[in-house]
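Participant: Before I ask anything, let me first share the structure, which is written out below as structure tokens.
The values are calculated or read from the model by the stated rules, or taken from the named source; none is laboratory data. The structure displayed is predicted, hence computed values, not measured ones. Glycine also receives a Cβ, built like all others from the backbone with ideal geometry; neighbour counts cover every protein chain displayed. SASA here: full protein model, heavy atoms, side chains in, ligands and nucleic acids out. Shrake-Rupley method; radii C 1.70, N 1.55, O 1.52, S 1.80 Å.
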Amino acid sequence: MRARYGVPLTLTAVGAAGLAYAAGYEVRSFRLRRVTVPVLPRGMRPLRVLQVSDIHMVSGQRKKQRWLQSLAGLRPDFVINTGDNLSDPEGVPETLDALGPLMEFPGAYVFGSNDYYGPKLRNPARYLIERVQGRHGLNGNAPVVGAVHNPWEELRDAFDAAGWVGLSNTRGRLKLEGVEIALTGLDDPHIKRDRYAEVAGGPESGADLSLAVVHAPYLRSLDAFAADGYPLILAGHTHGGQLCIPFYGALVTNCDIDTDRVKGLSTHTAGGRTSYLHVSAGCGTNRYTPVRFACPPEATLLTLTARD
């Protein structure tokens, strides 16, 4: 009996333990990633940028709310929110409560597909199939039928009232103490809401620094930003792969970027120019797949320093 059932039982036990770890511990094991990026003009003081992304708030997620509130203690110079704040149409009040202390700082935001539409239950294996077939979101799949519409307007109005700059297919500026940051953003490429022609032209003159912001790091958006000469692009969406294999990494990115750049700091080259790219693994998950493995939830404190 041991020879016949021992291995399957062992594999079942290991699988159950892994699922318990992914759903019971790691998905709530919030981390702060710290990154230094040399993109400022020489002689300029360092700037501390807090990037939050893919919160996917569901009502009742108290630990996540407290952790997000605690990030205000970092005292960043400004905050960038790269979208997918919601995973529950009823989650707007708790999202705003969690982000309230951060909204005391200068900030800017773009939205992701889950800000606009509620998630649907789907087989996680479809992400692997879509990767093989080159299909991602509305870029390769048919439009979703019967989608739940989230109250994203409430988020937008609260962010705007706090002075955060909306960057959906538009430009904006943040004025800090003695520093002016020019920002160029796109609406979510995952659902084909990006309109780069409306913001093309590259960094603005007269600003101390220009940054590019987008939710999903699709190559067409990264190519456009890099070719136009932006020194740093900030994105989210990928969840870092969410379910990763230790010592190997992510299996999927849920867009057309490669898995080597699914999270963290890297570079992107297009049109003979190279930009730094930072992709946040985010701090939440789709409400129907509340697990993470070898990819803990995160926010990132980027310290921008002078170029060498």
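Participant: Cβ-Cβ distance below 9 Å, separation of 6 or more or different chains: which pairs start in segment 154-175 with a residue that is surrounded by 14 or more Cβ atoms within 10 Å (Cβ to Cβ) and assigned to a strand (DSSP E or B) and end on one that is at pLDDT below 95 and of a type in the set (Asp, Glu)?
Facilitator: Within 9 Å, the pairs are 171/204; 173/204.
Participant: Condition check: among the hydrophobic types (A, V, I, L, M, F, W, C) and under 17 Å from residue 111 (Cα atoms). Does residue 224 satisfy that?
Facilitator: So residue 224 does not fit the description; no.
Participant: Let me ask something additional. Anything in segment 60-103 that is in a helix (DSSP H, G or I), more than 21 Å from residue 215 (Cβ to Cβ) and of a type in the set (D, E, K, R)? List them, or say none.
Facilitator: 62, 63, 66, 97
Participant: Tell me which residues, restricted to segment 104-127, are over 20 Å from the mean Cα position of the chain (by Cα) and in a helix (DSSP H, G or I).
Facilitator: 104, 125, 126
Participant: Is segment 212-222 home to any residue that is surrounded by fewer than 24 Cβ atoms within 10 Å (Cβ to Cβ), at pLDDT 95 or above, closer than 20 Å to residue 258 by Cβ and hydrophobic (A, V, I, L, M, F, W, C)?
Facilitator: yes
Participant: Go through (1) at pLDDT 95 or above; (2) part of a loop (DSSP other than H, G, I, E, B); (3) more than 26 Å from residue 77 (Cβ to Cβ) for residue 286 and report which single condition fails.
Facilitator: If we test residue 286 against (1) at pLDDT 95 or above; (2) part of a loop (DSSP other than H, G, I, E, B); (3) more than 26 Å from residue 77 (Cβ to Cβ), just (1) comes out false.
Participant: Going by what's in this entry, would residue 194 be described as at pLDDT 95 or above, outside any loop (DSSP other than H, G, I, E, B) and open to solvent by 20 Å² or more (accessible area, probe 1.4 Å)?
Facilitator: No: the conditions fail for residue 194.
Participant: Hey, another quick one. When only residues in segment 232-248 that are farther than 21 Å from residue 83 by Cα and in contact (Cβ under 8 Å) with a residue 40 or more places away in the chain count, which is surrounded by the fewest Cβ atoms within 10 Å (Cβ to Cβ)?
Facilitator: Result: 246.
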